[in-house]
Amino acid sequence: GADLSSHVLGHGERHDLDIFKSSKAFARDVTPITPVINLANRLVSKYKGSNSKVICITARSDMDDRDHFLDTFRKHKFPVDSVHIHRAGNEPHKPIPVAKADWIKKYLSTGNFTRVQMYDDDIKNLDAFLSLRKIYPKISFQAFAIVSGVIRKFNPK
C-alpha cells in the first residue's frame, strides 16, 4: 500500500484525509490484530484496581461518530471501556511521533510511574518514545514493535 507519510505531493496537490475521520470507514476497513487485542485484554485485567494505567494513543483525530468508533473496538473485543483513547491526530501541527510522546510525557510528568511500555507498529513512534529516557532517567522504558501481527521487543539501531 501507499505510505502517506513518505508520498511526495505534486504542485497544487494535497492529501484528502477526511476518510480518517469517518467512523464508518474505520469500522469497514479496520483489520484487528489478535495478539494486540489479547495483550490489551491481559494488561487491563492484570492492572485493574492498581495505580497502573493502560492507555491507547492513536494517530487518528476525533471521528465523526464517537459511539460507532468505540463500538468497532467492542466488536473486535478490544477493552475500549477500560482504557482512555488519546487521539494524537488532534494536534495536526505536530508530527505523530511527537504528539504521541507528548501524551506519554503528560503521564510521566505526574511522577506516579516508574515503568512504561509502548507497543506500536511505527518505528518512528517507538524512537520518539525511547527518546523520553533522557528526560525521565529514573523511569524504565520498554518498547515493542508490532510487525505483521507479531509483537517483538524493539531495540533501536
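State yes or no: is GLY149 open to solvent by less than 40 Å² (accessible area, probe 1.4 Å) and farther than 18 Å from PRO95 by Cβ?
Numbers: open to solvent by less than 40 Å² (accessible area, probe 1.4 Å): yes; farther than 18 Å from PRO95 by Cβ: yes.
Yes.
Six or more apart or on different chains, Cβ under 6 Å: which pairs go from a residue in segment 111-125 that's open to solvent by 70 Å² or more (accessible area, probe 1.4 Å) to one that's aliphatic (A, V, I, L, M) and part of a strand (DSSP E or B)? Could you list them?
Pairs that qualify, where the first residue is open to solvent by 70 Å² or more (accessible area, probe 1.4 Å) and the partner is aliphatic (A, V, I, L, M) and part of a strand (DSSP E or B), are ASP121/ILE146.
May I ask you to list pairs of residues, at least six apart or on different chains, whose Cβ atoms are under 6 Å apart, with the first in segment 57-70 being part of a strand (DSSP E or B) and the second being of a type in the set (D, E, K, R) and open to solvent by 60 Å² or more (accessible area, probe 1.4 Å)?
THR58/ARG87
Name the residues in segment 44-71 that are under 19 Å from LEU126 (Cα atoms), at pLDDT 85 or above and not hydroxyl-bearing (Ser, Thr, Tyr), would you?
If we filter segment 44-71 for residues that are under 19 Å from LEU126 (Cα atoms), which is where we start, we get 53-60.
Going one step further and asking which of them are at pLDDT 85 or above, we end up with 53-59.
Answer for segment 44-71, where residues must be under 19 Å from LEU126 (Cα atoms), at pLDDT 85 or above and not hydroxyl-bearing (Ser, Thr, Tyr): LYS53, VAL54, ILE55, CYS56, ILE57, ALA59.
Can you tell me how many residues in segment 25-44 are touching a residue at least 24 places away in the same chain (Cβ under 8 Å) and farther than 21 Å from ALA88 by Cα? Quick ask: steps written out before the conclusion?
Within segment 25-44, the first condition is being touching a residue at least 24 places away in the same chain (Cβ under 8 Å), and the residues that meet it are 26-27, 30, 32-37, 39-41, 44.
When the remaining residues are screened for being farther than 21 Å from ALA88 by Cα, the result is 34-35, 39, 41, 44.
Qualifying residue count for the region: 5.
Out of the residues in segment 20-36 that are under 17 Å from ALA145 (Cβ atoms) and either small (Gly, Ala, Ser) or surrounded by 15 or more Cβ atoms within 10 Å (Cβ to Cβ) (or both), state the one that is modelled with the lowest pLDDT.
Selected residue: ILE33.
One residue is enough: does segment 50-69 have a residue meeting the conditions under 23 Å from PRO137 (Cα atoms), of a type in the set (Lys, Arg) and either out of contact with any Cys (no Cβ under 8 Å at 6 or more places or on another chain) or open to solvent by 30 Å² or more (accessible area, probe 1.4 Å) (or both)?
Yes - at least one qualifying residue is present in segment 50-69.
The values are calculated or read from the model by the stated rules, or taken from the named source; none is laboratory data. In this text the structure is predicted, and so the values were computed from the model without any measurement. Quick reminder, even Gly has a Cβ in these numbers, built from the backbone with ideal geometry, and neighbours come from all protein chains shown. Only protein heavy atoms, including side chains, enter the accessible area calculation; ligands, DNA and RNA are left aside. Shrake-Rupley method; radii C 1.70, N 1.55, O 1.52, S 1.80 Å.
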